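The values are calculated or read from the model by the stated rules, or taken from the named source; none is laboratory data. All values derive from a computational prediction rather than experimental measurement. When we count neighbours, we look across all protein chains shown, and the Cβ atoms used for this are built from the backbone with ideal geometry, even at glycine. Accessible surface areas use protein heavy atoms only, side chains included; no ligands, DNA or RNA. Shrake-Rupley method; radii C 1.70, N 1.55, O 1.52, S 1.80 Å.
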Amino acid sequence: MQQSSISMGRAAYQHYIPPVNFGYVENDLYRCGQPNELNFPFMEKLNLRCIVWLAPEEPNQNVMNFVDDQEIQLHHLGVLESGNASDPITEDMILEAFNLILDKKNHPMAIMCNIGRHRTGTVVGCLRKLQRWNLASIFEEYRRFAGPKVRLLNEQFIELFDTDLVRIPVDPPEWL
């Protein structure tokens, strides 16, 4: 009898598994890689209104079904003209992402790419720069999620990103 209640407790606990590279960025703003079926119960708890998808390809069909079922707006910004997934993120893509991220009507929101590493990390790094974080802290956060696959071009992009190009809304999120 006792063993079955322990097993049930473990099963209930295992229902809330965050996606790869999941992280809390700010209040109602999250980052992660593409979720799978095991992550959907966790993702439901976030009550997302919007996903900014940065990968060049569409999310897989299970994610598309989840987005439809949960009535989440999906903004696919990652389409590249070159078609090369390893090309760095563009300034236009960052600015388009910021138009969505800085609009409180889109929150709660998740910023995603396939693994939640490079493109997502670059967008979050540029957001940190907009928040006036120092570069050492920005790069530490980027590297924590990128692991051994740090791309120096992404760090250079963050360092050279011109925050004056960002349109700040009249009523920005409180964390800006």
* Asked: Using alpha carbon centroids, what distance separates the stretch 26-82 and the stretch 122-176, in Å?
  -> 21 Å
* Structure fact -> As a Kirkwood estimate from alpha-carbon pairs, the stretch 49-145 has a hydrodynamic radius in angstrom of 14.0 Å
* **Relative packing of peptides 35-47, 96-108 - highest average C-beta neighbours within 10 Å first** => 96-108, 35-47
* Can you tell me the FRET efficiency between Trp133 and Leu160 if r is taken as the Cβ-Cβ distance and R0 is 25 Å, rounded to the nearest 0.05? => 0.95
* Can you pull the three principal axis extents for the Cα set of the chain, in Å, largest first? -> 63, 36, 34
* With +1 on each Lys and Arg Cβ and -1 on each Asp and Glu Cβ, and nothing else charged, work out how big the dipole of the chain is about its Cα centre, in Debye to the nearest 20. => 680 debye
* Asked: Hey, what's the chain come to in accessible area per residue, 1.4 Å probe, Å²?
  -> 56 Å²
* **Fraction of accessible area attributable to carbon and sulfur, the chain (%, probe 1.4 Å)** => 50 percent
* Structure fact -> With -39,500 (n - 2.57) per DSSP H segment of 4 or more residues and division by the full residue count of the chain, the 222 nm estimate, nearest 500 deg cm²/dmol, is -12500 deg cm²/dmol
